[in-house]
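The structure appears right after this line, and notes come after that.
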Amino acid sequence: MERFEVRLMEEIKKDCKELKKKFRRLSFMGKIIGLIATIMMILALVAVVYGLGGLVFWGIGSFIIWAFGINFVFTFWHGLAIAFIVETLTIIFGGKK
C-alpha cells in the first residue's frame with residue numbers, strides 16, 4: 001500500500017508541475033490579449049473623439065460656407081483635418097489649464 005501512495009504522490013507532483021507550466025503559458029497569453037484589448041479600446045476612443053470633433057467642425061465650416069455664399073465643397077475630411085489641427089495646437093500651446 002505504501003508503494004502505491006508514493007507513486008500516487010509522485011504522479012500528483014508531476015501533474016502539478018505540468019499544470020504550472022500550462023498556467024504560465026496561459027497567463028502570458030492573457031497578458032497579451034489584455035494588452036491588445038487595451039490598445040484597441042484606446043484606438044476606438046481616439047476615433048470616436050476625433051470623429052465627433054470632425055462632425056462639429058464640418059458643421060461649423062459648412063455653415064460658414066453657406067452663410068457667406070462661398071463656392072466650395074466642405075467635406076467631413078476637411079472638418080476632421082481642422083479637428084486634428086486644433087487638437088495639435090492645443091497640445092503645443094497648452095490650452096486651458
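Coordinate-derived values only; no laboratory data. On a predicted model such as this, the values are computed, not experimentally measured, just so you know. Here Cβ is always computed from backbone atoms with ideal geometry, including for glycine, and neighbour counts include all displayed protein chains.
The orientation-averaged projection of the convex hull spanning the C-alpha atoms of region 17-97 amounts to 8.5 square nanometres. For the chain, the residue among Phe74, Gly34, Ile85 whose Cα projects farthest onto the positive side of the dipole built from Cβ charges is Gly34. For region 2-93, the relative contact order comes to 24 percent (Cα pairs under 8 Å, sequence separation of at least 6). Helix 2-68 against the longest principal axis of the chain: what's the angle in degrees, Cα atoms only, rounded to the nearest 10? Here the helix axis deviates by roughly 0 degrees.
Taking Cα atoms only, the orientation of helix 76-93 departs from the longest principal axis of the chain by about 80 degrees. Gain on full extension, evaluated as 0.36 nm per residue between Glu87 and Lys17 minus their Cα-Cα distance, stands at 19.9 nm.
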